[in-house]
1. Take the residues in region 158-168 that are over 17 Å from the mean Cα position of the chain (by Cα) and modelled with pLDDT of 95 or more; name whichever of them is surrounded by the most Cβ atoms within 10 Å (Cβ to Cβ).
2. Looking at VAL88, VAL95, VAL127, can you tell me which residue is at pLDDT below 95, closer than 24 Å to ALA20 by Cα and open to solvent by less than 60 Å² (accessible area, probe 1.4 Å)?
3. With the structure loaded, tell me whether ARG14 is part of a strand (DSSP E or B) and either surrounded by fewer than 17 Cβ atoms within 10 Å (Cβ to Cβ) or over 19 Å from the mean Cα position of the chain (by Cα) (or both) or whether it fails that test.
4. Determine, yes or no, whether VAL48 is over 26 Å from VAL166 (Cα atoms), in a helix (DSSP H, G or I), open to solvent by less than 50 Å² (accessible area, probe 1.4 Å) and not charged (D, E, K, R).
5. Only one of GLN149, GLN117 is farther than 27 Å from SER32 by Cβ, out of contact with any helix residue (DSSP H, G or I) (no Cβ under 7 Å at 6 or more places or on another chain) and surrounded by fewer than 18 Cβ atoms within 10 Å (Cβ to Cβ); which?
6. Would you check which residues across region 112-157 are under 12 Å from the mean Cα position of the chain (by Cα) and in a strand (DSSP E or B) and list them?
7. What are the pairs, 6+ residues apart or on separate chains, where a residue within region 148-167 that is closer than 14 Å to ASP131 by Cβ has its Cβ under 8 Å from a residue that is open to solvent by 100 Å² or more (accessible area, probe 1.4 Å)?
Amino acid sequence: MGRTRILSPQRVRRTLRRLAFEIIEQNRGADSLELFGIERSGVPLAQVLADDIGAVEGTGLEPHDLDVTPFRDDRPDLESPGRAPHDVDVTDRDVILVDDVVFTGRTARAALDAVLQCGRPRSIQLVVLVDRGHREYPLQPDFTGRRLQTKHKEEVIVETDGEFAVYVDD
C-alpha cells in the first residue's frame, strides 16, 4: 500500500527531549549513567539523548555504540563472541540501552547479553522511540517515546539520516 508518516522530525525531537528528562528523573541525575546505542538506528538516537541529558545536567555524556549481532539467538550461523564488545566497565553503573524500535524483544535480549560481558551494572534500562508490541520475550522498555499498534507484517522505519522521522510501511 505505501508508507505512512507517524512522527515528524519535530515530534521525534520533542519526544527525545522528553525521554531525556524521564531518564534524568528516574536515575536522579546523570552521574552514574552509561549510554549504549544499539547499532544501527539506536546510535544516533543515543547521541541526541546524551546531548540532551548533558545539556540539562551540565555534564559531558558520551554514548557508546553496541553491536549485538554476535549475541543474537536467531543467528546460529554466527560465532559466539570471544570477548566483551567494549572496554567500558559498567560495574555499578546505570546502563541505558537505546534503540529505535522494540518488536519481538530479540535485539533487546542480545543487548543484555552484550552489556553483561562488560561488568555487572547496577541497573539496565531500555529506551525505545517506538514500541510496536508482538513480543516473543518478556522484555518491556523502561522508557517509550510512542506505543504503536501494528500488524505483524508491517514494518516500522525510523529514518536517522539528517532529520529523524518515523514511518510505517505496509
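The values are calculated or read from the model by the stated rules, or taken from the named source; none is laboratory data. Remember, it's a predicted structure, so these values are computed and weren't measured experimentally. Here the Cβ is made from the backbone with ideal geometry for all residues, glycine too, and neighbour counts use every protein chain on show. Calculation scope for accessible area: heavy atoms of the full protein, side chains included, ligands and nucleic acids excluded. Shrake-Rupley method; radii C 1.70, N 1.55, O 1.52, S 1.80 Å.
1. Across region 158-168, the extreme among qualifying residues is VAL168.
2. Working: VAL95 fails: at pLDDT below 95; VAL127 fails: at pLDDT below 95.
That would be VAL88, the only listed residue that is at pLDDT below 95, closer than 24 Å to ALA20 by Cα and open to solvent by less than 60 Å² (accessible area, probe 1.4 Å).
3. So ARG14 fails the test.
4. Values: over 26 Å from VAL166 (Cα atoms): no; in a helix (DSSP H, G or I): yes; open to solvent by less than 50 Å² (accessible area, probe 1.4 Å): yes; not charged (D, E, K, R): yes.
Judged against the criteria, VAL48 is not a match.
5. GLN149
6. ILE124, GLN125, LEU126, VAL127, VAL128, LEU129, VAL130, ASP131, PHE143, THR144, GLY145
7. VAL166/ARG5
Per-residue answers, yes or no, for (1) more than 19 Å from GLU159 (Cβ to Cβ); (2) touching a strand residue (DSSP E or B) at 6+ places or on another chain (Cβ under 6 Å); (3) of a type outside the set (Lys, Arg); (4) modelled with pLDDT of 95 or more:
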residue	(1), (2), (3), (4)
GLU25	yes, no, yes, yes
ARG28	yes, no, no, yes
ILE38	no, yes, yes, yes
SER41	no, yes, yes, no
ALA46	no, yes, yes, yes
ALA50	yes, yes, yes, yes
VAL56	yes, no, yes, yes
